[in-house]
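Reading through the structure tokens given below for one structure.
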Amino acid sequence: MRGDGHRILLVLLDGAADRPAAELGGRTPLEAAETPTLDRLATAGISGIADIGPPGVPMPSDRAHARLFGYDPASVPRRGVLEARGLGVDVPDSGVTASANFARIESSSDGSWTVGDRSLSEVRSRCRDDAELVSAFDTDGVTISLEYTWKNRGILRLTADEPLDPGVTDTDPFESGLPITHPEPTVAADDSEAATRTADALATYTRWSIDRLNEGESDAVLSKWAGAPTHPEPFAETQGMSAASLTSKPVLAGLAATLGMDVIDPPEGYDERAAAVLDALESHEFVHAHYPEPDEVAHAETPTDKACEIEAIDASLATLVDHVLDDDLVTVVTADHTTPSERNVVHSGEPVPVTMVAPTARTDGVDRVGERPAAGGGVGRIAGDDLLRIARALGDRVLLDGLRRTPRDGTVPTIDVRPLTGGGMSRDGE
């Protein structure tokens, strides 16, 4: 139960979970891929499936990772703030920060606008020039600034003398063919008056951006994921481990930094990335090794391409897995959500496979990775926010339920306790 248990490695194959594909004979890409390295882990460990969020609900990476790191997503900033931090954009202590992207639109007869091209893949290099046209705006006491970041994206920051609330709907419908959405306060907004102020400012800015970009490569600035800074407890306190995250994804880098993790920009090559993971394990008790490629391939290519990408990752992990199996590590391999590589679906709500390896694990009969093999494993079906606690238990990093070493409730086996002193009295009470 002490806090000096086994180190934990979380290998996160972003969006690796999938649906059966006809071109793969009814198998998923993970099931169809040749994965001898990951299969070694499955054979040596214990498998299961996890609903990262509520069963059936598709998860974005930021909210999924919050759960995987043991946090309620409501306790961490929303994605606009996390993306800004991950991209090195200053986030004001007060006000609202949102993610923005340039898009092409079409006018409708009723005076609204329909979203056309949301990616602008052919003219992304010129979106920086468009950003200069819409970088600063003032309306009714609200100042809005846009900072270009990458591709066709940017960060919007809203500040004002009066309170603003991020509880507003997005102007970006996140789907082509739908109208630009009129921003309005959400039912769950903490301050409806402040949220109305935020929504009105975003509506005015969006209309203004359409006028300003009349001569640009894009037609409008769309916004989503508005948020404000929150102050979640550091990961080192909630989980009792020093932590590092190897990720190239800005939103996850922002999440890791928000939680006090060391953020390491990983090498592009898979072999070099595996070596960087080994280096991080030398100086951290928890290492998050993020592989975004399965998700990216699923969005852009075919199930066969996704299977091939998983095979390339698997081949690069051989040396790392040798180390895992020779050491007293707890290793978890999973995905943060299901990303269908067929049909026009961003993410879907099926559970993801989980493999856990530890010297303490009760192994099962599963000998290969995949959605259906994992479903028959000894872990069973768990929730996403259970996963890290189970990994900590395998690493002897969980306090006996009901013990109270500190005023904080929880299962982190801290040994940093307040000692009782004599208060100036001797052993004889004099």
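Among the lysines, select those whose C-alpha is under 19 Å from the C-alpha of K224, and discard any that sit fewer than 8 residues away in the same chain.
K151, K249
Leaving ligands, DNA and RNA out of it, report the carbon-plus-sulfur percent of the accessible area of region 107-175 at a 1.4 Å probe.
Numbers: 1520 of 3650 Å².
C and S atoms contribute 42 percent here.
At 0.36 nm per residue, and after removing the present C-alpha to C-alpha distance, how many nm does the segment from E162 to D409 gain when stretched out fully? Mind showing how you got there, number by number?
Working: separation 247, 0.36 × 247 = 88.92 nm, distance 3.72 nm.
Extending this stretch completely gives an extra 85.2 nm.
What is the local net charge at L259, summed over the other residues whose Cβ is closer than 12 Å to its Cβ (Lys, Arg +1; Asp, Glu -1)? Numbers along the way, then the final one.
Values: positive: R85; negative: D62, E233, E237, D262.
Cβ neighbours under 12 Å give a net charge of -3.
With every protein chain left in place, what is the accessible area per residue of region 295-430 in square angstrom, probe 1.4 Å? Mind showing how you got there, number by number?
Details: 7390 Å² over 136 residues.
Ligands and nucleic acids excluded, the result is 54 Å² per residue.
Looking at the chain only, what percent of DSSP beta bridges run antiparallel? Nearest 5 please.
65 percent
Can you list which of the chymotrypsin sites (Phe, Trp or Tyr not before Pro) found in region 139-235 are DSSP loop residues with at most 14 other C-beta atoms within 10 Å? Each step should come with its number before you reach the end.
Values: sites: Y148, W150, F174, Y205, W208, W225, F235; in loops: F174.
For chymotrypsin sites (Phe, Trp or Tyr not before Pro) across region 139-235 that sit outside H, G, I, E and B with at most 14 neighbouring Cβ atoms in 10 Å, the list reads F174.
Do the sum for the chain: with -39,500 (n - 2.57) for every DSSP H run of n ≥ 4, divided by all residues, what is the mean residue ellipticity at 222 nm, to the nearest 500 deg cm²/dmol?
Numbers: 14 runs with 128 residues, N = 430.
Calculated from helices alone, the mean residue ellipticity at 222 nm is -8500 deg cm²/dmol.
Rounded to the nearest 10 Å², what accessible area does D129 have for a 1.4 Å probe in the complete protein model?
In the full protein context, D129 sits at about 100 Å².
For region 51-130, which GluC sites (Glu not before Pro) pass both filters: DSSP loop (anything but H, G, I, E, B) and at most 13 other C-beta atoms within 10 Å?
Details: sites: E83, E106, E122; in loops: E122.
Here the GluC sites (Glu not before Pro) that fit, given the DSSP loop and packing criteria, are E122.
I'd like the accessible area for T186: 1.4 Å probe, protein heavy atoms, all chains in place, Å² to the nearest 10.
Accessible area, nearest 10 Å²: 50 Å².
With labels modelled as points extended 7 Å from the Cα through the Cβ direction, what inter-label distance (nm, one decimal) is found for T360 paired with D416?
For the pair T360/D416, the computed spacing is 2.1 nm.
Which of the peptides 97-104, 155-162, 246-253 is most tightly packed, and how do the rest follow, going by the mean number of other Cβ atoms within 10 Å of each residue?
Details: 97-104: 26.4, 155-162: 19.0, 246-253: 23.0.
Top to bottom by mean Cβ count within 10 Å: 97-104, 246-253, 155-162.
Quick one: Cα centre-to-centre distance for region 236-269 and region 11-63, in angstrom?
Result: 22 Å between the Cα centres.
What's the center-to-center distance, using Cα atoms, between region 166-197 and region 291-311 in Å?
What the calculation gives is 33 Å, centre to centre.
Starting from the 7 Å offset along Cα-to-Cβ, what nm value, one decimal, do you get for the label separation of D327 and V346?
Calculated label separation equals 3.7 nm.
Just the Cα atoms of the chain, one point each, no solvent: what log10 I(q)/I(0) does Debye give at q = 0.06, 0.07, 0.12, 0.13 Å⁻¹?
-0.29, -0.39, -1.02, -1.15
Using only the alpha carbons of region 138-253, determine the length spanned along each of the three principal axes and report them from longest to shortest in whole angstroms.
Principal-axis extents of the Cα atoms in region 138-253, largest first: 52, 34, 27 Å.
What does the C-alpha gyration tensor say about the overall shape of region 305-392? Classify as rounded when a/c is under 1.5, otherwise prolate if a/b is larger than b/c, or oblate. Mind dumping the intermediate values first?
On the way: a/c = 2.01, a/b = 1.31, b/c = 1.54.
The shape class here is oblate.
Classify region 212-291: rounded, prolate or oblate, from the alpha-carbon gyration tensor (a ≥ b ≥ c, eigenvalue square roots; a/c under 1.5 rounded; otherwise prolate if a/b is larger than b/c)? Write out the running numbers ahead of the final one.
On the way: a/c = 5.09, a/b = 1.61, b/c = 3.16.
Because a/c hits 1.5 or more and a/b fails to exceed b/c, region 212-291 counts as oblate.
Tell me, what is the FRET efficiency for D93 and E23 to the nearest 0.05, using R0 = 51 angstrom and their Cβ-Cβ distance as r? Working shown, then result.
Details: r = 51 Å, r/R0 = 1.00.
The pair D93/E23 has a calculated efficiency of 0.50.
Count the net charge of all other residues whose Cβ sits under 9 Å from the Cβ of S242, scoring Lys and Arg as +1 and Asp and Glu as -1.
-2
Which residues among region 65-83 fall inside the zone where the amide N is under 16 Å from a point 7 Å beyond the Cα of A393, along Cα→Cβ?
Answer for this model: 70.
In nanometres, what is the gap between the two model label sites at A318 and D140, each 7 Å from Cα along Cα-to-Cβ?
6.4 nm
If you take the beta carbon distance between C308 and A257 as r and set R0 to 45 Å, what does 1/(1 + (r/R0)^6) give as a FRET efficiency, to the nearest 0.05?
Once rounded, the FRET efficiency stands at 0.85.
So if we plug the beta-carbon distance of E34 and D110 into 1/(1 + (r/R0)^6) with R0 = 45 Å, what FRET efficiency do we get, rounded to 0.05?
Plugging the Cβ-Cβ distance into 1/(1 + (r/R0)^6) gives 0.25.
If you build a Gaussian network model of the chain, linking Cα atoms that sit under 10 Å apart, which residue out of G53, G254, G410 swings the most?
Sorting by GNM fluctuation, first place goes to G410.
Could you order the peptides 111-117, 411-417, 90-96 from most to least packed, using the average number of other C-beta atoms within 10 Å per residue? Please list the in-between numbers first.
Working: 111-117: 15.3, 411-417: 13.7, 90-96: 16.9.
Averaged packing, sorted descending, gives the order 90-96, 111-117, 411-417.
With a 1.4 Å probe and all protein chains kept in place, how do K224, K151 rank by accessible area, largest first? Working shown, then result.
Working: K224 15, K151 75 Å².
Correct descending sequence by accessible area is K151, K224.
Once you have the Cα-Cα distance between S283 and D386, take 0.36 nm times their residue separation minus that, and quote the gain in nm to one decimal. Before the final figure, lay out each step's value.
Working: separation 103, 0.36 × 103 = 37.08 nm, distance 2.52 nm.
Length difference between fully extended and current span is 34.6 nm.
The values are calculated or read from the model by the stated rules, or taken from the named source; none is laboratory data. Worth saying up front: this structure is predicted, and the values here are computed from it rather than measured. Cβ coordinates were reconstructed from backbone atoms using ideal geometry, including for glycine residues, and neighbour counts include every protein chain displayed. In case anyone asks, the SASA skips ligands and DNA or RNA and just uses the protein heavy atoms, side chains included. Shrake-Rupley method; radii C 1.70, N 1.55, O 1.52, S 1.80 Å.
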